[in-house]
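Notes to accompany the following structure.
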Amino acid sequence: MKLLAITSCPNGIAHTYMAAENLQKAAEQLNVEIKVETQGSIGVENEFTKQDIQEADGIIIAADKTVNKERFVGKKVIAVGVQEGINSPEKLINRMIQGDATVYQGSSESEASSNNEEKDTQNPFYRHLMNGVSYMIPFIVIGGLLIAISLTLGGVSEAGGIKIPEDSFWKTIESIGGASFSFMVPILAGFIAYSIADRPGLAPGMVGGYIATHGSLYGSEAGAGFLGGIVAGFLAGYVALWIKKIKVPQVVQPIMPIIVIPVLASLAVGLIFVTLIGAPIAQVFVSLTNWLEGMQGTSSVLLALILGGMIAFDMGGPVNKVAFLFGSAMIGEGNYEIMGPIAAAIAIPPIGMGLATFINKKKFASTEIETGKASFTMGLFGITEGAIPFAAQDPFRVIPSNMVGAMVGAVIAMLGGVGDRVAHGGPIVGVLGAVDNVFMFFVAIAVGSLVTAFTAILLKKDVTKREATTTSGEEQTSTPVEDNTIEQEAEEATPTNNEKETEEVTKLVDITSKNLIETELQGTNQDEVIDEMIERLHEEGVVQSKADVKEAILAREAESTTGIGMNIAIPHAKSNAVTKPRVVFGIKQDGVDWNSFDGTPAKLIFMITVPKDGQGDQHLKILQMLSRKLMDDDYREQLLNAKSKDEAYQLLESVE
């Protein structure tokens, strides 16, 4: 099977490429050929050719902004949000394999057929709004940076502040930046409408956005700003969409998208805005702007707390984007003090979690320590998503840590008068000269990051001491399961003095044999693999009842998955049906879903079974040996590449 996939997020920085990478990995594991086109901030990469589309069996679109699907008429299409591409790539590919996809019929039927089914998984308002925001951001960045650079290099201090002489070269640069700003609201409105009604909605949306910014057209001293642009965009989009659905003679159809729809929709939006809604929206916007500008003391601190918390809550998700949009829109109105705290908060979660891994390595697994380096670097460039891997593994400790640090940093930035002229965050914007009161900006990031780091260190437990579900079958705890549950169980194994052990186990091969090794497991799912491995135990003569052993194994899986990540699963249990402790080892090259914490399929599978009576914590001692050895990346790779039972057995001899 050959699939195509498109990934895209509003900013096109992190989520776009994270989803692409995970889809590629999942396809490789499922033995499916895939080509992923990314529509990121630098444009379309790895673009599909006509031949690619012709040969494709289906298309997966994981995007939070509108993607033109007209190329895919007649093809099976699945359209979901970008987060599903990151978190559930195997599920999406399996849906396509199973035929659970709608054939795209083209724009004339898109709203009535495939879109109704697929887009139910996304919030339409959010999707359309974020499409507009993604196209608006470059104009804010261009304008903000050019104005900041011109003021820094060509500005002259006067009584009223820094100004640029009219005859200066830098005045021209400032004017170019101002021109870029003037496109902000029309672009926002235009691409909101484009998301709703496709190309026929683009021009009416931009016309509506232009009208929104020019209050003189509807008798207002001030324009309606970005609020008016959002209203104009949705109004233009749905008006254009309504006109598209009107049945017209075939002879008129060719001119509908280029003449009839744009002209009628623009006229309708313009008249509605000028005669009915323009002035009221402008008044609301002016009141909002005045309220924000007049914020002092407690009220400004409260706003900073809210914005900082929103930025850190879902790290690039919908809540984050709402706060980011608010700050970006205020830049266009000349209020840079709203984006300042946001810019500081953006960098704090990834930098803070990176610092935490540097400061106290005992709190993090080896893979998290490596992730911390990347997270810290991403934070320097204002990419909040760098903290996502930590939040995914331990959300109840990491997300509060991120929010507390971001809120502290945002408050410091607000009280310090930090302003940001660019719709971006992190130390990079300070280095580029786009930040007012840059010293306090860096202080806010530093303090906030340290708060996040030490809060995370305080909340998280040592890797070797974290509480985990007891697997004796007799005692259970209610402690949330961590991504290193198996390792924790092994570390906490403390046999008592009165335990009777019929077999002394000092190394793994004491309780396994070549007959208990299978380098090519045949099962295609977790249940089949468990049955296959229990059958090996039965043939070895150490199992009295296969059904009882399976029941014990599944009961342990019900407590929490034994898929510890890194393509490893260690199903284990105690049972009266087991006569001797034994370990079965199997390799599944294309992997099997084991609900692992990191989402990877299980390729290296160790099944541990011990008698319920008389062996104490024997299975935990075995787990202890295994978990430590399996932390070695090279060792795991060698095991996975073992081609024979003899080769695998030799490798297992080193586990002791």
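The values are calculated or read from the model by the stated rules, or taken from the named source; none is laboratory data. Note that the coordinates shown come from a computational prediction; the quantities given were computed from them, not determined experimentally. All Cβ positions, glycine included, derive from the backbone under ideal geometry; neighbour counts span all protein chains shown.
Taking every residue in the stretch 391-418 that is over 19 Å from Ile306 (Cβ atoms) and pairing it with any residue that is among the acidic types (Asp, Glu), at least 6 positions away or on another chain, the pairs with Cβ-Cβ distances below 6 Å are Gln393/Asp483. Filtering the stretch 45-79 to residues that are under 21 Å from Ala193 (Cα atoms), surrounded by 15 or more Cβ atoms within 10 Å (Cβ to Cβ) and at pLDDT below 90 leaves Ala63, Asp64, Lys65, Thr66, Val67, Lys69, Arg71. Filtered by the rule that a residue be surrounded by fewer than 17 Cβ atoms within 10 Å (Cβ to Cβ) and in contact (Cβ under 8 Å) with a residue 24 or more places away in the chain, the stretch 259-278 gives Val274, Thr275. Selection over the stretch 406-434 of residues that are within 10 Å of Gly144 (Cβ to Cβ) and surrounded by 22 or more Cβ atoms within 10 Å (Cβ to Cβ) gives a count of 7.
For Gly225, the stated conditions hold: it is in contact with an Asp or Glu (Cβ under 7 Å, 6 or more places away or on another chain), assigned by TED's automatic domain parsing to the domain that holds Gly155 and at pLDDT below 85. The residue that is surrounded by the most Cβ atoms within 10 Å (Cβ to Cβ), among those in the stretch 92-108 that are modelled with pLDDT under 90 and in a helix (DSSP H, G or I), is Ser107. Scanning the stretch 426-441 for residues that are within 11 Å of Gly340 (Cα to Cα) and either at pLDDT below 85 or assigned to a helix (DSSP H, G or I) (or both) yields Val429, Gly430, Ala434, Val438, Met440, Phe441.
Tell me, yes or no, whether the stretch 201-209 has at least one residue that is over 19 Å from Ser134 (Cα atoms) and at pLDDT 90 or above. Looking through the stretch 201-209, none of the residues is over 19 Å from Ser134 (Cα atoms) and at pLDDT 90 or above.
Is there a residue being assigned by TED's automatic domain parsing to the domain that holds Lys645, within 41 Å of the chain's Cα centre (by Cα) and either in a helix (DSSP H, G or I) or at pLDDT below 90 (or both) anywhere in the stretch 537-544?
no
Ala347: assigned to a helix (DSSP H, G or I) and under 23 Å from Ala148 (Cα atoms), yes or no? Taking the combined requirement at face value, the residue satisfies it. If you check Val481, Val549 for being part of a loop (DSSP other than H, G, I, E, B) and either under 32 Å from the mean Cα position of the chain (by Cα) or modelled with pLDDT of 85 or more (or both), only one passes: Val481. Within the stretch 353-361, one or more residues are modelled with pLDDT of 85 or more, surrounded by fewer than 23 Cβ atoms within 10 Å (Cβ to Cβ) and outside any helix (DSSP H, G or I).
Among the conditions (1) modelled with pLDDT under 55; (2) within 27 Å of the chain's Cα centre (by Cα), Asn497 misses just one, which is (2).
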